Amino acid sequence: MSELSHFDEKGSVRMVDISEKDSTLRRAVASGNVLLSPETLTVLQSNKNPKGDPFEIARIAGIIAAKKTSDLIPLCHQINLSKVNVDVEITDFGIRLTAEAITTSQTGVEMEALTAVSVAALTIYDMCKAVQKDIEITNIHLESKIGGKTDYQRP
């Protein structure tokens with residue numbers, strides 16, 4: 001396993017120096033689930049949620065969150081995003097969220113994709129909590145990344 005990159009040789013926390021790295025196309029995809037009861041899914045599908053349609057609000061919240069990632073994660077670099085997209089899919093267990101982030105930068109966009117999925121999931125939670133109290137957010141993880149030193153594809 002590699003050493004943690006956010007510590008210097010003395011063990012102090014630092015932001016990673018990316019000044020010598022080349023800007024390359026980088027893309028990351030993250031996903032997560034919001035577990036909802038069949039009754040809550042029925043309410044959502046019939047457009048009877050007391051707080052309105054959570055899906056478009058969650059998509060917008062996820063996009064905004066990706067753009068604010070460096071404000072939320074202390075040692076995360078501020079990067080220009082070329083694209084952020086959040087997909088919301090109704091499944092038999094609830095909602096499946098997938099976020100894609102793309103940049104041409106000196107560092108990757110994994111944190112932006114993960115932040116987008118996390119905030120989109122929290123938004124669905126917030127918008128559905130009046131209907132269901134035991135909502136669970138699960139399985140937030142990186143699906144894939146390209147660009148930089150190594151590519152990654154979740155098995």
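The values are calculated or read from the model by the stated rules, or taken from the named source; none is laboratory data. As the structure is a prediction and not an experimental result, all values here were calculated from the model. Here the Cβ positions follow ideal geometry from the backbone for every residue, glycine too, while neighbour counts run over all protein chains shown. When the accessible area is computed, the model is the full protein with side chains, heavy atoms only, and any ligands, DNA or RNA have been set aside. Shrake-Rupley method; radii C 1.70, N 1.55, O 1.52, S 1.80 Å.
Do any of 21/145; 21/68; 21/149 go past 19 Å between their Cα atoms, and which?
Beyond 19 Å: 21/68.
Taking θ = phi - 60°, what integer Hz values does the Karplus form 6.51 cos²θ - 1.76 cosθ + 1.60 yield along segment 58-70, in sequence order, with x for Gly and Pro?
5, 4, 5, 4, x, 5, 4, 4, 4, 5, 9, 3, 5
Within straight cross-link reach of residue 48, meaning Cα distance under 13 Å, which aspartates and glutamates are found once same-chain residues fewer than 8 apart are removed?
Excluding near neighbours in sequence, the set is 39.
Which log10 I(q)/I(0) values, to two decimals, does segment 59-138 give at q = 0.12, 0.25, 0.27 Å⁻¹ under the Debye formula with one point per Cα?
-0.36, -1.13, -1.26
Tell me, what is the per residue accessible area of the chain in Å², probe radius 1.4 Å?
With the other protein chains kept in place, the chain gives 60 Å² per residue.
Can you send over the carbon and sulfur percentage of the accessible area for the chain, probe radius 1.4 Å, protein chains only?
Numbers: 4780 of 9230 Å².
Roughly 52 percent of what the probe reaches on the chain is carbon or sulfur.
Highest mean first, how do 98-104, 23-29 rank when packing is the count of other Cβ atoms within 10 Å averaged over residues?
Going by the mean number of other Cβ atoms within 10 Å, highest first, we get 98-104, 23-29.
Among 140, 64, 18, determine the one that fluctuates most according to a GNM of the chain built with springs between C-alpha atoms less than 10 Å apart.
Most flexible of the set in this elastic network: 18.
Whenever you get a sec, line up 76, 128 from highest to lowest accessible area (probe 1.4 Å, protein heavy atoms).
These residues rank, largest area first, as 76, 128.
FRET efficiency for residue 85 and residue 18, Cβ-Cβ distance as r, R0 = 30 Å, nearest 0.05?
That pair, residue 85 with residue 18, gives E of 0.75.
Using per-residue counts of other Cβ atoms within 10 Å, averaged over each peptide, order 78-88, 142-152 from highest down.
The densest-packed peptide leads the list: 78-88, 142-152.
Take each of the peptides 51-61, 30-40, average the number of other beta-carbon atoms within 10 Å over its residues, and list them starting from the highest. Display every interim value, and only then the final one.
Numbers: 51-61: 16.7, 30-40: 19.1.
Top to bottom by mean Cβ count within 10 Å: 30-40, 51-61.
Calculate, in nm to one decimal, what residue 25 and residue 144 gain on full extension: separation in residues at 0.36 nm each, minus their alpha carbon distance.
Result for the pair: 41.4 nm of gain on full extension.
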